[in-house]
Ligand code: AMO
């Protein structure tokens, strides 16, 4: 179990412990972990000890061992942390074909007999109970698998973007102005001044394409004060941002698609055990090129499905129902491009020959939107006009707009929500399953 293959320099484990999955018959070992399961059959008792690599059986043959060892072993409460030293022997009835005969046992931290949830998963817990007790929850194989897969997907994305020539940056999360709509900002007090938690690295990543870096990426938190309480929205999410000078929106879509494929390929190659734990028999890496529909084609297709009560007209946003209707028709990832300018933000460029149409795009999964992006407006005058059209005061954004007067190259970029990526990849019912400590309207702790 577990794609746990440390290749970095060994970090000295406590008492040079052997991981459960690495125990082989004939070895003298010290294993340490949690008491997963305890079975006392009278003359003999078994402890299943669990660590991040897997599980190992410890056998207490009562009349062959010291009383003190037997007593410690049989008095253990589930989920206590223990260390066991002994001889490993082959035993085909043991879950991994090997068991440890203890010579010493030490309880490092006893757990209370009553636990708020059962990490073995035998007793299912509701999501709120799981989130209230996340540490115990992530001891469960399935939850742990989700976070190993999330980590692998993010690793692959980071590597892919680095190989694509992007410099990873970190932009401020405390800011003076919002970018994605005023009602979605969390206000804070910053030394007596009004400030906000940032909704997106948008403006800062654009400033950096005008710097010597040209092509940048960031994986970091974004904060949205949206009142939605849905299975797809968080108030703190992880944004995977990309932005590059001298590319257009179609090239940005190529990178966006490559990023997604890199994440799926890495998970398929390196998380076999986790995928199995989650019940995947066949984990499909998207192989076809993602179709690129214009917004106009998309609304035509939605209307043709006849699934909506009211037909969509130019300028309507794609509602959740519309997204689902389209998702069912297309059955895979797809881009929607060339959105009406009026429903895209000020930083997206419009077509010169048709200013009603923008060079913005979204990447959709049949269940939800994964990415927004576009070609950016890099010319100072139309940018400032865009602010005014959206009722924003360009002066408040002076730190941003002034850079457009000092040599701003044409550029494009996008942002994925990491939790939506994991949720859609693993078919999770609720986005909260893809984040350790979700922030939503009710949840501020833990
Ligand atoms: P947008 O606001 O569409 O675009 O966000 C980009 C992606 O981030 C994810 N996301 C969320 N995930 C969970 N909960 C939320 N409340 C939430 N809000 C956003 C989604 C979404 O597609 N600056 C632009 C991106 C760009 O143009 O580069 C932006 O932030 O997956």
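The values are calculated or read from the model by the stated rules, or taken from the named source; none is laboratory data. Keep in mind that what you see is a predicted model, and the values were worked out from it rather than measured. Cβ: placed from backbone, ideal geometry, glycine included. Neighbour counts: every protein chain shown.
At least 1 residues being closer than 21 Å to residue 413 by Cα is the threshold, and among the strands (runs of 3 or more DSSP E) wholly inside segment 190-285 those reaching it are 215-223, 236-245.
So, in segment 47-64, exactly how many residues are farther than 23 Å from residue 16 by Cβ and crowded, with 19+ Cβ neighbours inside 10 Å? Number satisfying all stated conditions: 1.
Listed here are the residues, each with its yes/no results for (1) touching a residue at least 60 places away in the same chain (Cβ under 8 Å); (2) within 9 Å of the ligand (Cβ to nearest atom); (3) in contact with a strand residue (DSSP E or B) (Cβ under 8 Å, 6 or more places away or on another chain).
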{"position": "391", "(1), (2), (3)": "no, no, no"}
{"position": "427", "(1), (2), (3)": "no, no, no"}
{"position": "433", "(1), (2), (3)": "yes, no, no"}
{"position": "439", "(1), (2), (3)": "yes, no, yes"}
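This table checks each residue for (1) touching a strand residue (DSSP E or B) at 6+ places or on another chain (Cβ under 9 Å); (2) farther than 30 Å from residue 245 by Cβ.
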{"residue": "260", "(1), (2)": "yes, no"}
{"residue": "275", "(1), (2)": "no, yes"}
{"residue": "280", "(1), (2)": "no, yes"}
{"residue": "297", "(1), (2)": "yes, no"}
{"residue": "301", "(1), (2)": "yes, yes"}
{"residue": "304", "(1), (2)": "no, yes"}
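Only one of 79, 106, 148, 92 is surrounded by 14 or more Cβ atoms within 10 Å (Cβ to Cβ) and either at pLDDT below 95 or not in a helix (DSSP H, G or I) (or both); which?
Details: 106 fails: surrounded by 14 or more Cβ atoms within 10 Å (Cβ to Cβ); 148 fails: either at pLDDT below 95 or not in a helix (DSSP H, G or I) (or both); 92 fails: surrounded by 14 or more Cβ atoms within 10 Å (Cβ to Cβ).
Only one candidate passes the filter, namely 79.
No other residue among 237, 262 is away from the ligand (no atom under 12 Å from the Cβ), touching a residue at least 24 places away in the same chain (Cβ under 8 Å), within 16 Å of the chain's Cα centre (by Cα) and closer than 21 Å to residue 146 by Cβ apart from 262.
Restricting 302, 313, 336 to those that are in a strand (DSSP E or B) and either without any contact (Cβ under 8 Å) to a residue 60 or more places away in the chain or loosely packed, with under 13 Cβ neighbours inside 10 Å (or both) reduces the list to 336.
Only one of the numbered conditions (1) at pLDDT 95 or above; (2) over 22 Å from residue 271 (Cβ atoms) is violated by residue 389, and that is (1).
What are the residues in segment 393-407 that are outside any helix (DSSP H, G or I) and either within 16 Å of the ligand (Cβ to nearest atom) or at positive phi (or both), if any?
So in segment 393-407, the residues outside any helix (DSSP H, G or I) come out as 393, 406-407.
Residue satisfying the conditions is 407 alone.
Table: residues versus (1) within 12 Å of the ligand (Cβ to nearest atom); (2) without any contact (Cβ under 8 Å) to a residue 24 or more places away in the chain; (3) closer than 24 Å to residue 383 by Cα; (4) in contact with a strand residue (DSSP E or B) (Cβ under 7 Å, 6 or more places away or on another chain).
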| residue | (1), (2), (3), (4) |
| --- | --- |
| 185 | no, no, yes, yes |
| 193 | no, yes, no, no |
| 198 | yes, no, yes, yes |
| 203 | yes, no, yes, no |
| 217 | yes, no, yes, yes |
| 222 | yes, no, yes, yes |
| 241 | yes, no, yes, yes |
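Somewhere in segment 322-331, is a residue outside any strand (DSSP E or B), at positive phi and within 26 Å of the chain's Cα centre (by Cα)?
Within segment 322-331, the first condition is being outside any strand (DSSP E or B), and the residues that meet it are 322-331.
Retained after the next criterion (residues that are at positive phi): 331.
Filter once more, keeping what is within 26 Å of the chain's Cα centre (by Cα): 331.
Checked against the condition, which is being outside any strand (DSSP E or B), at positive phi and within 26 Å of the chain's Cα centre (by Cα), segment 322-331 yields at least one hit.
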